[in-house]
Amino acid sequence: MESKAQKHFLKLYEPVHNSFERFCRARVFGKMEHSDLMNETLLIAFQKMGNLKSEKAFLSFLIGISVRILANQHRKKREQLLPTSDPVDLRDESALTERSAEVYLLYQALSLLPDKQRECLVLFEISGFSIKEIVKMQNVGESAVKQRLKRGREKLREILTFEAVNKTGEVSHG
């Protein structure tokens, strides 16, 4: 039987589920399973519901928790000083549809960006947050957010353009 707290939590979570899942998929691409991040975040969020200041900010609350989880995980990995930092990706790219392949390439390119730029782009472009909301989430100034978006887009364009040119064979780097 569900408690009152569980029902309230689910009432807040259901409308933001898709946005939260998109954020997690984009943010952790190639580093861990997005479902693991989602589950860990939801567990902590349920335990810390008393810290939620406004029900309207529930998605921001979840994203803030997930960002802290990822930062802690990254810090722990650095402390362990393991020689291999990225898990082997065993996905069968040939089984992906064209759209899925494009999304895969986008997420792969996003994973090459610095964390703050990637996070900013995912929050703005994929999750649909405003610059002012991102300012609050990242606890930085508006100009810093705009700069991260600008630099992230430039770097993403550079990565994706290089990939596209490489696949057509028009330019050879040697």
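The values are calculated or read from the model by the stated rules, or taken from the named source; none is laboratory data. Note that the coordinates shown come from a computational prediction; the quantities given were computed from them, not determined experimentally. In case anyone asks, the SASA skips ligands and DNA or RNA and just uses the protein heavy atoms, side chains included. Shrake-Rupley method; radii C 1.70, N 1.55, O 1.52, S 1.80 Å.
Some points to look at:
- GLU142 sits with roughly 80 Å² accessible to a 1.4 Å probe, with DNA, RNA and ligands left out of the calculation.
- Ligands, DNA and RNA aside, GLU119 has an accessible area near 10 Å² when probed at 1.4 Å.
- Taking a straight Cα-Cα cut-off under 28 Å and skipping sequence neighbours fewer than 8 places away in the same chain, the lysines within cross-link reach of LYS53 are LYS4, LYS7, LYS11, LYS116, LYS132, LYS136, LYS146.
- Accessible surface ranking that places the most exposed of THR161, THR41 first, with a 1.4 angstrom probe: THR161, THR41
- The mean sequence separation of alpha-carbon pairs under 8 Å and at least six residues apart, normalised by the residue count of segment 1-70, gives a relative contact order of 37 percent.
- Largest first, the residues GLU21, GLU14 sort by 1.4 Å accessible area into GLU14, GLU21.
- At the residue level, ASP115 shows approximately 60 square angstrom of accessible surface with a 1.4 angstrom probe and all protein chains present.
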